[in-house]
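Structure first, commentary second.
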Amino acid sequence: MTTTRIYSDAEREAIFKYIFSRETKHKIKKLCESPVDIYVGKRLKKIRKSLGVSQDELGSLVGVTSQQIQKYETGYNRISASRLYEFSQIFKKPISDFYKDYEVDKYYYNFIGRQEKELREIENTRNKELIELVRHFNRVKDHNLRQKIIELIKAIFPIQNNRVYD
């Protein structure tokens, strides 16, 4: 048998105030933030400070308040892709600088992310292979033979919904 506790009006009011207080909302919101959002916000702050730009100045450049900049920097508000692009243009920094040295939080995400270095290595390998393929293809002078090579490649790997085959 379970017992139901009956709260007095004063206790209910105190519980209500606690749940909906600004402090508690902030704590609850913090639990919902993505580690990458927090990291990008911290990087924004570091870049902004290293260039000697105030929150007010940055806010006026992108049309938001300094409080909004502060929310971005703490990770309380997520920075949209277009806003991140604006920041990169203002600071004359590549967008990748906002993710520099980010380590994937394996406990937060349900996957193991590839690190930036590994992704670049894969891309570089593919680019080298593509350059080599084009170089050899360009050495084929016979137009008909070139068309046959293209047909062969299409027959081996048919393009379905623009899917890239690994």
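Suppose we filter segment 130-148 for residues that are assigned to a loop (DSSP other than H, G, I, E, B) and exposed (fewer than 10 other Cβ atoms within 10 Å of the Cβ); how many remain?
3
Please specify each residue of segment 78-103 satisfying the condition of being touching a residue at least 24 places away in the same chain (Cβ under 8 Å) and either among the acidic types (Asp, Glu) or under 18 Å from Pro35 (Cβ atoms) (or both).
If we filter segment 78-103 for residues that are touching a residue at least 24 places away in the same chain (Cβ under 8 Å), which is where we start, we get 78-79, 84, 86-87, 90-91, 93, 97-100, 102.
The answer is Arg78, Ile79, Leu84, Glu86, Asp97, Phe98, Tyr99, Lys100, Tyr102.
Looking at segment 42-70, I want the residues that are under 19 Å from Phe98 (Cα atoms) and have a partner that is among the β-branched types (Val, Ile, Thr) and surrounded by 14 or more Cβ atoms within 10 Å (Cβ to Cβ) with Cβ atoms under 6 Å, at least 6 apart or on another chain. Which pairs are those?
Pairs found: Gln55/Ile69; Leu58/Ile69; Gly59/Ile69; Leu61/Ile90.
State the number of residues belonging to segment 74-105 that are of a type in the set (A, V, I, L, M, F, W, C), assigned by TED's automatic domain parsing to the domain that holds Arg48 and not in a helix (DSSP H, G or I).
Looking only at that region, the number is 1.
The values are calculated or read from the model by the stated rules, or taken from the named source; none is laboratory data. All values derive from a computational prediction rather than experimental measurement. No Cβ is skipped: glycine too gets one built from the backbone with ideal geometry, and neighbour counts run over all protein chains shown.
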